[in-house]
Amino acid sequence: MLRAAHIIIIVLLVTSLLALAVAAGGVWYLAPKLPSTNILKDVHLQVPLRVYSRDERLIAEFGEKRRIPLALADIPQAMVNAILAAEDERFFTHPGVDWQGLARAVYHLLRTGEKGPGGSTITMQVARNFFLGRERTYLRKLNEILLALKIERELTKPEILQLYLNKIFLGHRAYGIGAAAQTYYGRELGELSLAQIAMIAGLPKAPSRLNPIADPVRALTRRNYVLRRMYELAFINLQGYEEARRDPITASLHGLTVQVEAPYVAEMVRAEMERRFGVNAYTVGLRVYTTIDSRRQTAANRALRKALVEYDERHGYRGPEDHIEYSIQTRPQAEQTLAGMPTVGGLEPALVIELHEQAASVLTKQHGLVEIPWNGLSWARPFLDHNRRGAKLKAATEILSVGDVIRVRKIGEEWHLSQVPEVEGALLAMNPLDGAVVALVGGFDFVRSKFNRATQAHRQPGSSFKPFVYSAAIDHGFTAASMINDAPIVFEDPGLEASWRPENYSGEFFGPTRLREALVHSRNLVSIRLLQAIGIDYAIGYLQRFGFKDAALPRSLSLALGSGTLTPQELATAYCVFANGGYAVDDYFIDALSDASGERSLQASPRVVCDRCDAPGTREGEETRPGVIEERKSSTENSLETGHALEFQASKPAPRVVTSQNAWIMSSMLRDVIQRGTGKRARVLGRKDIAGKTGTTNDQRDAWFAGFNPRLVAVAWVGFDRLEPLGDKETGSRAALPMWLEFMQESLRDTPEEFMEQPEGMITIRIDPETGHFAGASQPRAIFETFRINDVPASPAKAPARANTGRRSSSGGVAERLF
C-alpha cells in the first residue's frame, strides 16, 4: 500500500515536471513571437463618421460599428462594478491571469473532458480582442495568457479597463458600453438604472444569445445573476438588489438618435468624406460640422412635404396602396403588416377596419386605432389625370373599403386620409453673404428616392431666370423705365418645321411696357425683345458672372424665357448676387472637420461679402470679366474640396461681379414682384424687404420660386422626375411659392426687416408711367423711379426720339424693328 502511494507521488511529480517543462518550452518558443503591446498605448478605436449641423446637432452616423468612446472617469462606478462582478471580480488584484479561476477551468477539463468557464480575465479578453482571433485552441489560450501578463506589465489597470469597456462587442453593432446604452435604451450611460446597467454588464459572455432583444428570458436570467454577484461582492445593498430584480426588461432597439433630419446633406457629406479619405472615413471618428441651421432645416422639411402633399391632393386620390383581408381574427397579422411598412415623408401607414357613412376607423402603425372624419376624407375625389378629377364624394365607401392599406397624416388634432405624392420637389436656402447652405431638402423622402434634386436635378428655370437677362440689359444701358413693346412676334427658323410664336402666359398683349412692369408681371415677349436688343453673345458672357455655365445656356432667344438647364443650387447661388449687392459667393455645406478627440483640424474659409474690401481688380466701377470667378485653392494638403475648399487661411473677400447700382435696381424690381406682381401671395409675410421671382416652364413641367432678403436666399422647385406636366394653373405661384412661404415664415421669424442701402451715384425722380420720360411737377399720374445718374431721362421736350429706351442693340436694325 505504501509502495503504491510512493509510485503515485512519483508519477505526479514527474507529470508536473513534464508539464512545467512543456510550459517553459512553450513560453520560450512563443514569447519572442508575441506582438508588441505598444499599439495599446495609442490605440485608435474604430469610431463611425458623424455629421452635425452648425449648431452641433446630430444629423447622421455612418459606419459598421457603433461606438461612443468614453474615458474611465466618465463611466459610472455602478457600471464598472457590474462588469467586475460579471467578468472578473479579482481584476484589480491579479497580475493579468486569475490563477484561481484558471485552476478551476483546468480541474473542470480534467474532470469532464470539456472546456469550462472561469479562466478568462478582462486583461486576457483585451489581449484576445486586440491581437488574437476567436478560435478555441490551447495554443491560442497560452498566447492569451502570455499577452495578458505582458499587457499588465506595460499598462495600468485603469488603462486596461478603459480599453475593455470601449472595445467589447455587446450585440446589434454596439461596441463598447456607451454604444450599448444607446442601442438598447436610447440613453447615455449615466441615465441608466441599476437593472439596465446589469443587463449591459451581462452581455460580454454571449452578446448575440443573451441580449434582451434576441432572448429576453435568458437575458433576464443573466441580468439577475449579475445583480446577485454585485450584492455578494457588496457593490449594492439588499434593498437595491431586490428593487433591481423586480424591474421589468425595458430594452428595445434604438436607432441613431438623429436630432436634425437632413439625409440629403448627410449623403453629400458621406460621399465627400469617402472621396477624400476612402474607407477610413467610416472608422477614424471624423466629425463633420455642416453649415446647416437646424431650425431652418426643420422648417424646410415641413414646407416641402406640406407643399407636395397639398399639390397631390388638389389632383385627386389614386387609391389604396394595397388591400388585405381583414377581420378581428386576422388583426395580429394586420398589425404585423403595418409594422413592416415604413413611414414615408411623415405619412403613416394605416389599415381601414371599419367604415361609416362619412368617416372611417383605421388602425395606424404608431398611433393605434384612430378616426378619420369627413373633413379628412372629402378631398379624395378620384384622380383621372393631372387636369381632371372624379365627382365630389358623398360617402366614405366611394373611395375606401375595409382592408385597404392607406396613408394618413395628422393636421392639428384631426386625422386625414393622404397618399405618398408622385410629384417631387426641392428646397435650398443659403446665406448670401458667404454662400453657406443653411437648409437643403432634395426630395419628399430620402429612403424612397436618394436622388438629390436640390443639387442634381437639371431643369429649366422658366421665368425665374428673367432677372439675369434684365440685369444684363441694365448693364448694357437700359433702365427700369425703358419702354419695350409687348406685342405679338413671330420667328422664322429654317431648322424648325413651324414658326415660333411666343406668348405671354395670359395670352394677352399689353403694348409698350416699362421694364419694371414687364418683370413684375413676367411678360415673355418683353423679355425676348430685350434679349434680342442686347444680343445673345453679350448676354451669355454677362450671365456667367452669376456662375452659370456656358454649355447650359442655349444660344437662342428662348434663353430669355429660361430654356437653359440648371439646378436649384445653381439658381440660389446666382440669386445671392442680387441679395448681397453684387458679389459672387460660392455655395458650401461643410463648415469644419474634427477628429475623434474633438479637435478641429479644418475650418471653411469661404469668400465673404465685404463692402469695404472689394477684391483687387473688381472694385466698384472697374471692369469685371464676364464669367470669370476666382478659383479658390486650399493651402493645406489635407483640405477638403467639397467643390469649394476648406482651408486654414482666413476668409477672402468675395469679388464684385455686378455693380452695386445694378444689384440695387434689380432688387427693387424684384421687391415689386412680391408687392404687386406674380409673387404677391408672399405679401402674407407682412414684410417689405423680401424680393423674388416665380418661374413656370412650358406645359407647367416645372414650377419655381426664388426669393430673398439681404440675409437669406431660398429657392423652391416642384416637378415630376419624368418631366410630366404638373397640370393647368400649376404655376410657380401656385405650386412652388407656398413651399417658399412656409419656409420663410419660420426662417425670418423674429428677424427685423433689412433693406439694401441705396448706393452712391443714383437718383430718384418722377417719370411719366406711359412713356418712361422725366415728368414735370405738374405731370398728373407721375410715379417715382430710380436711375443711375448717367441714365436719368431727359424731359420730353429735350429728349431725342429714342431717348430712355436704352437701346444699345448688338443686333442692329433687328432690335429697332422689334421695338
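The values are calculated or read from the model by the stated rules, or taken from the named source; none is laboratory data. Just so we're clear, the structure is a prediction, and the values are computed from it rather than from any experiment. Don't worry about glycine lacking a Cβ; one is built from the backbone with ideal geometry, like all the others, and counts go over all protein chains shown. Accessible surface areas use protein heavy atoms only, side chains included; no ligands, DNA or RNA. Shrake-Rupley method; radii C 1.70, N 1.55, O 1.52, S 1.80 Å.
Some notes on this structure:
- Using θ = phi - 60° and Karplus 6.51 cos²θ - 1.76 cosθ + 1.60, couplings along the range 48-58 (whole Hz; Gly, Pro as x): x, 6, 10, 10, 10, 6, 4, 8, 6, 9, 5
- Each part reduced to its alpha carbon centroid, the range 514-586 and the range 280-355 end up 38 Å apart.
- Amide H partners (placed H, <5 Å) of Thr513, local residues excluded: Ile484, Asn485, Asp486
- Equivalent ellipsoid, the range 355-409 (semi-axes from 5 times Cα gyration tensor eigenvalues, Å): 21, 13, 10
- Residue by residue, the range 668-673 carries 3J(HN,Hα) couplings of 4, 5, 6, 5, 5, 4 Hz when phi is fed to the Karplus relation 6.51 cos²θ - 1.76 cosθ + 1.60 (θ = phi - 60°); x denotes Gly or Pro.
- Theoretical gain in end-to-end length, Glu508 to Ala214 [0.36 nm per residue, Cα-Cα removed]: 98.8 nm
- Ordering of 279-285, 755-761 by packing [mean C-beta count within 10 Å, highest first]: 279-285, 755-761
- Rounded percent of accessible protein surface that carbon and sulfur make up, the range 389-507, 1.4 Å probe: 50 percent
- Diffusion of the range 344-387 by Stokes-Einstein, at 4 °C in a medium of 1.567 mPa s and with Rh set to the Kirkwood radius over alpha-carbon pairs, works out to 109 µm²/s.
- Residue pairs exceeding 31 angstrom between C-alpha atoms, taken from Lys549/Lys693; Lys450/Lys680; Lys392/Lys450: Lys450/Lys680; Lys392/Lys450.
- Amide H contacts of Val438 (H built 1.01 Å from N, under 5 Å, at least 5 apart or other chain): Ala429, Met430, Asn431
- Per-residue SASA entry for Tyr52, accessible area with 1.4 Å probe, Å² rounded to 10: 40 Å²
- In order through the range 413-421: 3J(HN,Hα) via Karplus (6.51 cos²θ - 1.76 cosθ + 1.60), integer Hz, x for Gly, Pro: 9, 10, 8, 10, 5, 8, 7, 6, x
- Difference of contour (0.36 nm per residue) and Cα-Cα distance, Asp385 to Phe755: 128.7 nm
- Working value for the range 240-365: equivalent-ellipsoid semi-axes of 36, 29, 15 Å, each the square root of 5 times a Cα gyration tensor eigenvalue, largest first.
- Here's how it looks for Glu348: its modeled amide H is under 5 Å from those of Val408, which are all 5 or more places away or on a different chain.
- For the range 431-477, the extents of the C-alpha atoms along the principal axes are 50, 26, 12 Å, listed from largest to smallest.
- Glu492/Lys729 FRET efficiency (R0 41 Å; Cβ-Cβ; nearest 0.05): 0.80
- Between Glu188 and Leu45, the FRET efficiency from the beta-carbon distance, with R0 = 22 Å, is close to 0.75.
- For the range 446-554, the list of trypsin sites (Lys or Arg not before Pro) that fall in a loop by DSSP and count at most 15 other C-beta atoms within 10 angstrom reads Arg448, Lys450, Lys549.
- Each eigenvalue of the Cα gyration tensor of the range 387-457, multiplied by 5 and square-rooted, gives one semi-axis; in descending order these are 36, 14, 13 Å.
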